[in-house]
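Shown next, in structure tokens, is the structure this report addresses.
The values are calculated or read from the model by the stated rules, or taken from the named source; none is laboratory data. As the structure is a computational prediction, the values presented were derived from the model and not from experiment. Cβ atoms come from the backbone with ideal geometry, glycine included; neighbour counts cover every protein chain shown. Accessible surface areas use protein heavy atoms only, side chains included; no ligands, DNA or RNA. Shrake-Rupley method; radii C 1.70, N 1.55, O 1.52, S 1.80 Å.
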Amino acid sequence: MAQRLRVALAGYGMAGRGIHRPQLVAAGFEIAAISTSSPARIEQARSDEPAAQIVPDLDALLEVPDLDLVVLATPSGAHAHHLAAAVAAGVPTVVDKPMTVDAPSARKAVDAAAQAATPLTVFQNRRWDPPHLAARKLLDEGLLGDLVRYEFRWERWRPEPEQRWREQVTAAEGGGLLLDLGTHLVDSAVDLFGPVRSVFATVDAHTTVAEDAAVLVCRHAGGAVSELTTTSLAGAPGPRLRVTGTRGTFLVTEFESEPNGFPGFSAEPGCVGWLVRGDERTPVATVRAERTFYEQVAIALRSNDIQAALPVDPWDAVHTAEVIDAARASARSWQAVDISACG
């Protein structure tokens, strides 16, 4: 049996403790070290991982010996600075999405990693969600016909903002739904249909410092059109995923703990959604990934070319940042914006 890979986890809040740690453990990693300065989180870390070294900050974390990986689950506004430190330390790095708050800083980070030969990938784990994989399968098999429109929503009902940095800081500091959930929406669309060439968007902040509602209509280089929506003010959320083609529509109405506004289309056991043609509907079987994001990272770390084997090319995250930047420019001008114009 191969020796367990040692990972250092920077940040132990909702993302670090609630998302990354369980997935790392499930993939067989050893949590060797955790950085957090919060007394409450220090106690949580000691309880969860009694063998791990607990340190106050990233600099101390990167001094822990014999690390195979560092995971940056820190606030988005700090990613650029933290990436620079991890890259300089030469430790293979996973950074939570968004990689940075804008495209110029994302390009700088990826260029620095390439120059330092430090492997880098981005936690765009939603590429391996069953609805996404099922959509790809239906498109590849031609069961939807020619694509008409791809709609992907991440809508919530949270009219009272939570007291955490995502809701309480500006977009330049990493706050807002466009950087948080919008990054997943853009990455999923690009994963299916390739690069975006232009975007028209509305971006609004009703209850939070940064945006709590955004709609992006993206035209991809291959001609596909994707409509991406996120908001925390949807009392009646739309369908999670609707992929419409000339031969039918793939419809997904349920997602994790979010409310289902279409109970008549609840998925049957072992299924993820429906293939709908007017009054005719056929359940679509769940498609699951062969390996999770972190299982793929583990394989890459044991390969001869770590960077090439990592599950997400960091340049994909640069393109996602370009789309987000263009969406902001479009919202300001009320015009479609070419991605190249924001370079």
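Below, the figures for the structure above:
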{"read-out": "Accessible area of the chain divided out per residue, in Å², using a probe of 1.4 angstrom", "value": "44"}
{"read-out": "Antiparallel bridges, percent of DSSP beta bridges restricted to the chain (to nearest 5)", "value": "60"}
{"read-out": "R277-D66 FRET efficiency (beta carbon distance; Förster radius 51 Å; 0.05 resolution)", "value": "0.35"}
{"read-out": "Highest-first arrangement of 210-218, 137-145, 78-86, where packing means the average Cβ count within 10 Å", "value": "210-218, 78-86, 137-145"}
{"read-out": "Calculated from backbone phi, Karplus (6.51, -1.76, 1.60) coupling profile of region 31-42 in Hz, x at Gly/Pro", "value": "6, 7, 7, 9, 10, 6, 9, 7, x, 5, 6, 4"}
{"read-out": "MRE, 222 nm, helices only [DSSP H, n ≥ 4, -39500 (n - 2.57), over the chain, to nearest 500]", "value": "-9500 deg cm²/dmol"}
{"read-out": "Around D102: net Lys/Arg minus Asp/Glu count, Cβ-Cβ under 13 Å", "value": "0"}
{"read-out": "Extreme residue, positive dipole direction of region 31-71, given options T36, S47, L58 (C-beta unit charges)", "value": "S47"}
{"read-out": "Projected label distance in nm at V225 and A308, using a 7 Å step from Cα toward the beta-carbon", "value": "4.0"}
{"read-out": "Residues of region 18-32 with amide N under 19 Å of the 7 Å Cα→Cβ point at T286", "value": "23, 26-27"}
{"read-out": "Extension gain (nm, one decimal) between S266 and D204, 0.36 nm per residue minus Cα-Cα", "value": "19.2 nm"}
{"read-out": "Fraction of accessible area attributable to carbon and sulfur, region 252-308 (%, probe 1.4 Å)", "value": "49"}
